[in-house]
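Here the structure comes first, spelled out in C-alpha cells, and everything after it is commentary.
What follows draws every value from the coordinates through simple rules; no lab data is involved. None of these values were measured; they are calculated from a predicted model. Virtual Cβ from ideal backbone geometry, glycine too; neighbours counted across all protein chains shown.
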Ligand SMILES: Nc1ncnc2c1ncn2[C@@H]1O[C@H](COP(=O)(O)OP(=O)(O)OP(=O)(O)O)[C@@H](O)[C@H]1O
Ligand SMILES: [Mg+2]
C-alpha cells in the first residue's frame with residue numbers, strides 16, 4: 001500500500017471514529033429541522049355533558065370527533081360513556097361490537113380489543129354495550145383511567161356523557177379536563193347546566209362553553225344572552241335544528257361527513273375548528289362608509305407616492 005493510499009485509510013479511520021451513531025445523527029438532523037423529539041404530550045380529554053337528556057350530546061360528540069379527525073387530521077377517539085342507555089355505536093352504524101367499554105371496565109377485555117376504526121371519518125370508537133344486562137359489575141370510576149391511557153396515543157379523547165347527574169355522568173365529568181356543555185334553548189336544559197356547574201365547584205376544569213343545539217332564534221326560545229347570563233358560560237356554538245341531522249342518523253354517518261355544507265354540518269365543523277384552535281372568523285362584509293374610507297385612504301397614499309410626500 002503506497003503512502004498516498006495509507007493516508008486515505010487513516011483519514012477514513014479518523015472519520016469512522018468521529019462518526020455519530022445513526023440514532024444520535026437522526027436526532028441532530030431532526031433538531032436542525034426544528035422537529036420535536038421525545039414523547040408526545042398527552043391529548044386533550046373533552047367531556048360532552050348536559051344534565052338533561054336528549055339535547056344532543058351524542059350528536060355533538062360524534063360530529064366533533066369526526067370533524068377533528070376528518071377535517072383537521074387529528075388523531076381522535078370517542079368514548080361512549082353512556083353505559084346505561086348507549087346510542088353512540090348505533091349512530092355510527094356499529095350495531096354489534098364483540099368487545100365494549102363494559103368488557104374493559106369489567107376486566108374481560110383489553111382496551112385495544114375494544115377500539116374500532118370508523119372508516120368514513122378516520123376516528124376511533126370505544127363503544128359501550130347495547131345489552132341492558134351488561135351494566136352489572138361495571139366500575140365506571142375506571143373511565144378516568146382508561147381516558148388518560150388513551151390520551152397518551154390520541155390528540156383528542158371525546159367523552160360522550162350519559163344524561164342526568166348520576167354515577168355515570170359524574171364519572172365522565174371527573175375523567176374530562178375540558179368540558180363542553182350541550183343545551184337546547186329552554187329553561188329546564190339550561191338549569192341542568194347550572195346544576196352541573198354547582199356540582200363541579202372546586203374542581204379544576206376548563207369550561208369550553210355551551211353548544212346551543214337546535215337553536216333557531218325563535219321568540220319562544222331563550223336568547224343567547226339569557227342562556228349566557230343564567231349559566232355563566234359563553235355560548236361558543238349555535239347549531240340549528242336541521243333535518244340533515246335526522247337524515248345522518250338514519251344513514252348512520254355523522255352529518256359533518258355526509259352533509260358538511262348543511263347548516264348543522266357547517267356549525268359543527270366550526271366547533272371542531274374552535275376546539276383545535278384552527279377557527280378563522282369569516283371576514284365580515286364592509287359597510288358602505290367603511291369601504292369609502294378605505295378607498296379615500298388608498299387614494300391619499302397614492303397621491304403621496306406620486307408627489308414624493310412622506311407623511
Ligand atoms: N341540531 C339538530 N337538528 C335536528 N335534530 C337533532 C339535532 N341535534 C340532535 N338532534 C336529534 O335529537 C335527538 C337526540 O339527540 P342525541 O341522541 O344526540 O341527544 P343526547 O343528549 O345524546 O341524548 P341522551 O341524553 O339520551 O344520551 C336525536 O334524534 C338527534 O338526531
Ligand atoms: Mg347520548
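Neighbour counts of other Cβ atoms within 10 Å put 115, 152, 230, 92 in the fewest-to-most order 152, 230, 115, 92. This ranking places 181, 156 by how few other beta-carbon atoms lie within 10 Å of each, fewest first, which gives 156, 181. Packing-based ranking of 166-176, 93-103 yields 166-176, 93-103, ordered from highest to lowest mean Cβ neighbour count within 10 Å.
Gain on full extension, evaluated as 0.36 nm per residue between residue 113 and residue 243 minus their Cα-Cα distance, stands at 43.3 nm.
Were the residues from residue 198 through residue 224 laid out at 0.36 nm apart, the gain over their Cα-Cα distance would be 7.3 nm. If both residues of a DSSP beta bridge must be in segment 44-275, then about 5% of such bridges are antiparallel.
Per-residue extension of 0.36 nm, minus the Cα-Cα distance of residue 216 and residue 131, leaves a gain of 27.0 nm for this segment.
Relative protection proxy for 70-79, 236-245, from highest mean packing down: 70-79, 236-245 (other beta-carbon atoms within 10 angstrom).
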